[in-house]
Structures are given as C-alpha cells and as structure tokens.
Amino acid sequence: MTDTPVHSPEEEELRRIGEMPVRVTAVVGRTEMAIVDLLKVQPGAVLELDRKPGDPVDILVNNRLIARGEIVKIDERLGVTMTEIIRSEA
C-alpha cells in the first residue's frame, strides 16, 4: 500500500491548473502617440506617461487587471508589491 493521496477529479483539475504558467505584467503608465511621432523618437528621449510618481502600477495576468501595487527595489532588481486586489465581477 502506498501513501500517495487520492484526489478527486476536481482536485486533480485544480492541481493541473495551478501548474500552468501565466504572464504577469506590471504597467507603470501608458501614452498614445501618432506613428509619425513615434518614428521621430531618439535614444534619450522622454515619453510622458499618464501616471505621476507614486501612483500605483497596474498588475495584469494574461492582460487582465488583477491588482495594483507599488514598485520596490530588491537588491539590484525591481519588483512589485501588491497593495490592492481587484475583485472580478464575472
């Protein structure tokens, strides 16, 4: 006899879903511009975004907004800490 737990079909499905990779994106801001203006952008140019310093960043999973957060520095890398979870209406 083995000690392997027996899972219901629902538990097994949740386990498989839990192992699926997803794309997580942190959006610090956005801007719109005409293609002709984008083609004129040179290295060192500054693009103005629709957010101010200190505004929360949007956290998306597979392009769907799931949370908002703040940028944090971890050693020499950047990360995001979640400050608000967005509840889905669906």
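A few points about this structure:
- Scanning the stretch 43-58 turns up at least one residue that is at pLDDT 95 or above, assigned to a strand (DSSP E or B) and not small (Gly, Ala, Ser).
- Taking residues in the stretch 72-87 that are assigned to a strand (DSSP E or B), and partners anywhere that are among the acidic types (Asp, Glu) and surrounded by 10 or more Cβ atoms within 10 Å (Cβ to Cβ), the pairs with Cβ atoms closer than 6 Å and at least 6 places apart or on different chains are Thr81/Glu70; Thr83/Glu70.
- Yes/no for Arg68 being outside any strand (DSSP E or B), on the phi < 0 side of the Ramachandran plot, in contact (Cβ under 8 Å) with a residue 12 or more places away in the chain and surrounded by 10 or more Cβ atoms within 10 Å (Cβ to Cβ): no
- Single unsatisfied condition, Glu12 versus (1) surrounded by fewer than 10 Cβ atoms within 10 Å (Cβ to Cβ); (2) assigned to a helix (DSSP H, G or I): (1)
The values are calculated or read from the model by the stated rules, or taken from the named source; none is laboratory data. Since this is a predicted model, take the numbers as computed values, not measurements. Every residue, glycine among them, receives a Cβ derived from its backbone with ideal geometry; neighbour counts consider all protein chains shown.
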